[in-house]
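A short write-up of the structure that comes next.
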Amino acid sequence: MQNFYKVLGVRENATLAEIKRAYREKVKILHPDTGDKDSASSEKFDEVVKAYRVLSDARQRSIFDETFFVKIRKSYSTEDSFDYYKWLSERTDDESRAKFIFYTLMHQKEDEAVAEFKRMQMTHADFSLKDWFTREDFMDYGYILAEELVIRGEYYDAMILLEQIIKMEYSYTYFYIFFPEVIDFTVNILKKNIEGVINDELALDVFERALDLNLGKANDSFCLNKMALIYKRLGDSVTADICLRAANS
């Protein structure tokens, strides 16, 4: 299998911007319209175009990485084997960190997966696991990660992840077969593990986010009533009354 990173002359953890820049530079040199080109140059041009199409698409790049580096691992001897875990561990780009989270999650390293997810959430405001995986993979692995977060009492982080899964599903014209279980899991957390369990400010944030998830009138009313209790506890009776009126409307 051809190494598309080598074709473009970029690192395996290159950003999308680096890939685009390398592609433009290669095309300027190899494009048939730039002058007389021999057959070898035409073949190289086609290789560059193919490499760019794969590496510039998050899903195709993910598939390529899995396939290509599995082949690399198999080509090494036992004494000099390729360590994919170590390879991912040493990379700091968002894509590698996302893959590290799901890789450790599925290889009995759940504590590392949870810790890395929380670290990325805290240090990278725009970090999102769904940017690097197919819809099905993000739904399946994201749900497993949310379960691990709940097991460890990390309810706020679990809700942020479930919010991403639910909103992603709403962007499609049909729902994934697993979606109802995700909704039930989310509602169960809202009802049992938020108010009185996490601090009031985070709880308010969770309930406000939940109101945008189309969980149904009864669940919206539940969230608004809980918000009213919290606002009253915080001494904001005006906002508490607004929430109560909205809950009963």
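The values are calculated or read from the model by the stated rules, or taken from the named source; none is laboratory data. Note that the structure is a prediction, hence the values are computed from the model and not measured. Cβ atoms come from the backbone with ideal geometry, glycine included; neighbour counts cover every protein chain shown. Just so you know, the surface numbers come from the protein's heavy atoms only, side chains and all, with ligands and any DNA or RNA stripped out. Shrake-Rupley method; radii C 1.70, N 1.55, O 1.52, S 1.80 Å.
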In sequence order, calculated HN-Hα J values of region 199-208 (Karplus, 6.51, -1.76, 1.60; Hz; x Gly/Pro)
5, 4, 5, 5, 4, 4, 4, 4, 5, 5
Selection from TYR85, LEU16, VAL49 lying farthest towards where the dipole of the chain points positive, charges on Cβ:
VAL49
Give the angle, between 0 and 90 degrees and rounded to the nearest 10, that separates the Cα long axis of helix 217-233 from the longest principal axis of the Cα atoms of the chain.
70
Treat each spin label as a single point 7 Å out from the Cα along the C-beta direction, and report the MET168 to ASP57 distance in nm.
1.8
Just how large is the dipole of the chain about the Cα centre, in debye to the nearest 20, putting +1 at every Lys and Arg Cβ and -1 at every Asp and Glu Cβ?
360
Given [x] 46, 21, 15; [y] 32, 21, 17; [z] 29, 21, 18, the label whose value is semi-axes √(5λ) of the Cα gyration tensor in Å derived from this model
[x]
Residue of SER128, SER41, SER56 that the Gaussian network model of the chain assigns the largest fluctuation, springs spanning Cα pairs under 10 Å
SER41
Within the chain, helix-based [θ] at 222 nm, where runs of 4 or more DSSP H residues each add -39,500 (n - 2.57), nearest 500
-22500 deg cm²/dmol
For the chain, the percent of accessible surface on carbon and sulfur atoms (probe 1.4 angstrom, ligands and nucleic acids excluded) is 50
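Pairs LYS28/LYS50; LYS44/LYS86; LYS86/LYS109; LYS167/LYS192; LYS99/LYS167; LYS109/LYS191: which are spaced more than 25 Å apart, C-alpha to C-alpha?
LYS44/LYS86; LYS109/LYS191
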